[in-house]
1. Only one of these conditions is not met by ALA219: (1) in a loop (DSSP other than H, G, I, E, B); (2) open to solvent by less than 20 Å² (accessible area, probe 1.4 Å); (3) in contact (Cβ under 8 Å) with a residue 60 or more places away in the chain. Which number is it?
2. Quick check: is even one residue across region 334-351 open to solvent by 20 Å² or more (accessible area, probe 1.4 Å), aliphatic (A, V, I, L, M) and in contact with a strand residue (DSSP E or B) (Cβ under 6 Å, 6 or more places away or on another chain)?
3. Could you check GLU269 against (1) in a helix (DSSP H, G or I); (2) within 21 Å of ALA409 (Cβ to Cβ) and say which number it fails?
4. Considering only residues that are polar (S, T, N, Q), in a loop (DSSP other than H, G, I, E, B) and closer than 20 Å to ALA122 by Cα, which ones fall in region 366-414?
5. Looking at region 237-283, which of its residues are hydroxyl-bearing (Ser, Thr, Tyr), in contact (Cβ under 8 Å) with a residue 60 or more places away in the chain and surrounded by fewer than 18 Cβ atoms within 10 Å (Cβ to Cβ)?
6. Of these, ALA408, ALA397, which one is buried (at least 16 other Cβ atoms within 10 Å of the Cβ) and on the phi > 0 side of the Ramachandran plot?
7. Filter region 223-274 down to residues that are more than 22 Å from GLY162 (Cβ to Cβ) and basic (Lys, Arg), then give me how many there are.
8. Kindly provide the set of residues from region 127-165 that are open to solvent by 20 Å² or more (accessible area, probe 1.4 Å), of a type in the set (D, E, K, R) and under 23 Å from TYR291 (Cβ atoms), ordered by number.
Amino acid sequence: MTRTQLRLTAGLSMIATALVLINGGRPSTSSAAARAAAQRAIVVQAALPATPEPAAAAPVSAPIAPATAVTPAPATSSAAPASSGSGGSSSPTPAKKAAPPKPSKARHVFVIALTGTDVQQAFGAQSAAPYLATDLQPRGTLLSGFGPLDNADLPNYIAMAGGQPPNSATQSECSTFAEFSPEATTGTDGVVSGTGCVYPNTVITIGDQLTSSGRSWRAYSEDMGAKPCRHPESDGPDDTMTGRPGDQYATRHNPFVYFHSLLDAGDCEADDLSLDGLATDLNKVSTTPNYAYIAPNLCDSATESPCVDGSPGGLAAADAFLKLWVPRILGSPAYKADGALLITFLSSAEKSPDGPPRTGALVLSPFAGGGKTTATPYDPYSLLRSVEDLFGLTPLAHAQEAQSFAKAALPGAF
């Protein structure tokens with residue numbers, strides 16, 4: 001079969017699987033929901049990186065070396081030797097399709113996104129976050145080389161959710177919730193051209209991948225309020241750039257609202273919720289999503305200091321947030337069974353012409369060792385790639401070339 005035929009067949013298979021999941025896996029669903037699932041399957045299949053036509057054996061990727069970025073070789077199928085036929089003619093044997101990535105043993109992944117300064121201030125002996133530095137750090141693996149891509153917050157969150165690179169709009173924090181131009185195109189590498197904030201539905205996220213693979217995801221944002229998937233009107237102003245009394249939700253820290261693939265199919269309305277629901281969802285494995293993204297508000301994420309309510313904010317506020325929520329996560333049945341918690345300083349409060357400093361990240365899991373540190377450079381693309389590796393998903397956009405820390409930090413999961 002040609003590459004086009006293979007991708008079409010795979011797309012039809014994904015549609016059939018989505019329909020089965022929708023109609024058989026849930027007690028009460030409508031035909032509209034089934035159509036939305038089928039549409040999502042088509043979008044996900046079309047947006048995945050193209051697989052080259054069979055030509056030669058794929059080179060074997062070298063083992064991951066500390067402090068060295070490794071670009072994985074593209075997955076290709078080897079052509080089988082030609083077989084002899086009548087009259088001395090020969091025809092190639094159809095090549096085997098490359099096997100999909102294999103999921104790890106970690107089936108529930110939690111990500112807490114914070115704003116840092118530098119790794120020493122967060123994890124050093126004089127840290128203003130003693131719970132993080134002296135209690136949690138010895139129990140996990142510290143990624144001391146982790147750092148943001150950009151001085152602005154939003155590009156790092158977009159990269160973590162969908163692997164898309166910074167553009168001039170996201171680097172200005174999308175103070176206007178601007179749509180991409182209709183002329184924007186998505187390349188074979190999954191990267192969308194042009195500039196804008198709200199990505200077209202041909203651009204997919206980790207949320208789309210999880211849904212299409214039969215898994216669940218949810219984003220939990222502090223101070224979002226009762227309305228799920230909170231975001232500005234299309235091409236309208238974003239009024240959450242700074243904290244407001246009684247409301248310190250930040251749109252830019254909730255990356256899933258920037259993707260039409262989630263907005264149009266209803267996934268954002270269903271799965272992008274207020275932080276208030278997390279405690280209840282943690283009570284049972286069956287109600288805990290496979291992927292849980294957790295975004296504290298502008299004060300508790302250490303983005304603002306002082307905060308609008310007069311509290312000091314900063315790293316001490318982030319530490320208090322962790323002290324409240326991390327024990328609930330670590331004590332949940334899902335985490336105890338097969339969980340991993342990634343505490344990441346996804347952006348930095350320190351802005352520099354030379355780029356943001358290394359902020360650090362911490363990995364906690366029954367599959368991870370305690371008291372370990374790796375200085376290998378990682379970034380938000382690496383975070384996306386690592387989550388995709390844990391779930392056996394095809395890397396999106398720039399995550400294809402990113403260094404994964406999944407096996408290095410969670411060796412027991414593979």
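1. Just one mismatch for ALA219, condition (1).
2. Yes; the residues of region 334-351 include at least one that is open to solvent by 20 Å² or more (accessible area, probe 1.4 Å), aliphatic (A, V, I, L, M) and in contact with a strand residue (DSSP E or B) (Cβ under 6 Å, 6 or more places away or on another chain).
3. Condition (2) is where GLU269 drops out.
4. Just the residues of region 366-414 that are polar (S, T, N, Q), to begin with: 373-374, 376, 382, 386, 394, 400, 403-404.
Pick out the ones that are also in a loop (DSSP other than H, G, I, E, B) and you get 376, 394, 403-404.
Of everything in region 366-414, just one residue is polar (S, T, N, Q), in a loop (DSSP other than H, G, I, E, B) and closer than 20 Å to ALA122 by Cα, namely THR376.
5. Here is the first cut: in region 237-283, the ones hydroxyl-bearing (Ser, Thr, Tyr) are 240, 242, 249, 251, 258, 261, 274, 280.
Checking which are in contact (Cβ under 8 Å) with a residue 60 or more places away in the chain leaves us with 242, 251, 258, 261.
Once the filter is applied, which keeps residues that are hydroxyl-bearing (Ser, Thr, Tyr), in contact (Cβ under 8 Å) with a residue 60 or more places away in the chain and surrounded by fewer than 18 Cβ atoms within 10 Å (Cβ to Cβ), region 237-283 yields only THR242.
6. Working: ALA408 fails: on the phi > 0 side of the Ramachandran plot.
Going through ALA408, ALA397 in turn, just one is buried (at least 16 other Cβ atoms within 10 Å of the Cβ) and on the phi > 0 side of the Ramachandran plot: ALA397.
7. Total satisfying the criteria: 2.
8. Scanning region 127-165 gives a single hit, ARG139.
The values are calculated or read from the model by the stated rules, or taken from the named source; none is laboratory data. Just so you know, these numbers come straight off a predicted model, no measurement behind them. So basically every Cβ, Gly included, is an ideal-geometry build from the backbone, and we count neighbours across all protein chains shown. Side chains are part of the model used for accessible areas, which takes the heavy atoms of the whole protein and leaves out ligands, DNA and RNA. Shrake-Rupley method; radii C 1.70, N 1.55, O 1.52, S 1.80 Å.
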